1. Between Gln96 and Gln128, what FRET efficiency comes out of the Förster formula 1/(1 + (r/R0)^6) with R0 = 35 Å and r the beta carbon distance, rounded to 0.05?
2. What ranking do 154-161, 95-102 get when scored by the average of other Cβ atoms within 10 Å per residue, highest first?
3. With a point put 7 Å past each Cα toward its Cβ, work out how far Ser162 is from Lys32 in nm, to one decimal.
4. Against the globular-protein guess of 2.2 N^0.38 Å, express the Cα radius of gyration of the stretch 120-168 as a ratio, rounded to two decimals.
5. How would you order 186-197, 117-128 from highest to lowest mean count of nearby Cβ atoms within 10 Å?
6. Calculate, for Cys169 and His213, the FRET efficiency according to 1/(1 + (r/R0)^6) with r their C-beta to C-beta distance and R0 45 Å; round to the nearest 0.05.
7. With the calculation restricted to Cα positions, what are the radius of gyration and Dmax of the stretch 118-232 in angstrom?
8. Sort 104-116, 205-217 by packing, meaning the average of other beta carbons within 10 Å per residue, with the highest value first.
Amino acid sequence: MDEKKSVEEYAAELKDIVMLETSLCRQEKIAKAYADYTYIPKEPPQYRNRASLGMISLSVTWVLFDLFAFFMGNAKVAAGASVFTVALILFFIVLQLRGMKANRKLMAEYEEYCHAYELVKLLEEPKQRTRRVLARLYEKSAVYERYRNLNAVCAICDYLGSGRASEICGPQSVYRLYDKELQRGRVPDKAREIEEGICSVEQIPGFCKETEHLLDEIEKRNNEHDYMKSKE
């Protein structure tokens, strides 16, 4: 911990960390909500209506039997065979239509899943980048390892901003205050307070753009700050 760092400077650094921790928590909540779309899609097997093929074979058999009965001069048998053949053909048509309808539904569900899968994949890059930037900010601010989580940095940032703590190190440090509040169960669970804000996978691209924009701003601000510090 850099003891020369002012409380104001430290609090400003923590604000960026809080924003990224909040963003990362929201990203993880969204990813969890759409976890069913993270498996690699498998194309359904080629449609084959075996029942219909069987009915075609049976219908052809009865047509041949009908023709045989007709040429043999047995009109009643021929008529009965004809009626039965027509019924078989109609039954075949019904089976065929039902099979085609079921296949169309299956393919529509597959295409919908593939679309959602591609959108959910967009979350991976912002999440990895957020973790990388967070790691750099934590190292830069020298936040102790055990306090590198959403609840801790939110509480510590609040204590510094509200004046409840006025020291980074020492007997009255912000970390000692946090430990006391944690033991008393007074540290809010920020993860429970964060709402996903996305009720459709179609919103994921927009959310990813917002996340990238936030990361760009934070990185730009920190790079400018580092540059100014190096010039001093």
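Every number in this text was worked out from the coordinates using simple rules, so none of it is lab data. Remember, it's a predicted structure, so these values are computed and weren't measured experimentally. As a convention, Cβ positions derive from the backbone with ideal geometry for all residues, glycine included, and neighbour counts pool all protein chains shown.
1. It comes to 0.10.
2. Numbers: 154-161: 20.4, 95-102: 13.8.
Averaged packing, sorted descending, gives the order 154-161, 95-102.
3. 2.6
4. On the way: Rg = 13.7 Å, N = 49, 2.2 N^0.38 = 9.7 Å.
That ratio works out to 1.42.
5. Working: 186-197: 12.7, 117-128: 15.8.
Output ranking for 186-197, 117-128: 117-128, 186-197.
6. On the way: r = 35 Å, r/R0 = 0.77.
Efficiency, rounded to the nearest 0.05: 0.85.
7. According to the Cα coordinates of the stretch 118-232, Rg and Dmax are 17.3, 52 Å.
8. Working: 104-116: 12.9, 205-217: 14.8.
Top of the packing list down: 205-217, 104-116.
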